[in-house]
1. Can you name every one of the helices (runs of 4 or more DSSP H) wholly within the range 148-244 that holds 2 or more residues which are farther than 30 Å from residue 118 by Cβ?
2. Go over the candidates 66, 92 one by one and state the one that is surrounded by fewer than 19 Cβ atoms within 10 Å (Cβ to Cβ), more than 30 Å from residue 253 (Cα to Cα) and at pLDDT 95 or above.
3. Of these, 65, 61, which one is in contact with a strand residue (DSSP E or B) (Cβ under 7 Å, 6 or more places away or on another chain) and within 28 Å of residue 157 (Cα to Cα)?
4. Filter the range 27-52 for residues that are crowded, with 19+ Cβ neighbours inside 10 Å and either free of Cβ contacts under 8 Å to residues at least 12 places away in the same chain or over 16 Å from the mean Cα position of the chain (by Cα) (or both); which is farthest from residue 150 (Cα to Cα)?
5. Consider residue 180 carefully, then state whether it is within 21 Å of residue 6 (Cα to Cα), in contact (Cβ under 8 Å) with a residue 24 or more places away in the chain and in contact with a strand residue (DSSP E or B) (Cβ under 6 Å, 6 or more places away or on another chain).
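The values are calculated or read from the model by the stated rules, or taken from the named source; none is laboratory data. Just so we're clear, the structure is a prediction, and the values are computed from it rather than from any experiment. Counting neighbours? That spans all protein chains shown, and the Cβs are built from the backbone with ideal geometry, glycine included.
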């Protein structure tokens, strides 16, 4: 898959500015497809349990960890490369009475600042698509996990039907992804770094339904709120709608998708 020259600096610009606020408006604080319900599915398939040390890579606003602390009483740790998101995650954890239960660090998910064999679970929700070196991310996840520990994540991927180079570049440019991995690609990376895949699911069909939902929310309910966030720029609003409609078409045809994967470190 061809990689674009998109860097962490570009992602920082998104999540420190109006685009990040727009995604939060239509997707909620968790900023991932399916919200609470899909987090619960992932947690149950991963066998999340009380007292486990869980590291969320690309932890964003920290809502994933607050979900896990609140529902499973885990010990939460978050790592994100955007300073604004990291500081906001700390603020919101304090707001929700969870500041003592979650530690957030600003840093690079391909160079994790924790010791070997430190965690029971590495967690991610629709965020590793922003990472340039997914091989190194999976390798670092393996390093910090204990033997027999779990990696559990969802991500936006190139679907089984595949995308043309032009279509992939259009989606990646709009979303600020350096590239999208595939479901099979993730399985290969996990095997390379010593994981046995236990769950690997193609969520593309319902993913398309969610993209359609987001389009309808903006066009039928949240137009005023979205326009306010982007400075009342109607042309930008129309352009964003056009790109999301294009992504919807690619998802409906199976070229643009989402996966859920759970694997165990050998």
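1. The helices (runs of 4 or more DSSP H) meeting that bar are 165-175, 204-220, 223-229.
2. Sole residue among the options that is surrounded by fewer than 19 Cβ atoms within 10 Å (Cβ to Cβ), more than 30 Å from residue 253 (Cα to Cα) and at pLDDT 95 or above: 92.
3. 65
4. So the residue we want is 52.
5. Spelling it out, residue 180 is indeed within 21 Å of residue 6 (Cα to Cα), in contact (Cβ under 8 Å) with a residue 24 or more places away in the chain and in contact with a strand residue (DSSP E or B) (Cβ under 6 Å, 6 or more places away or on another chain).
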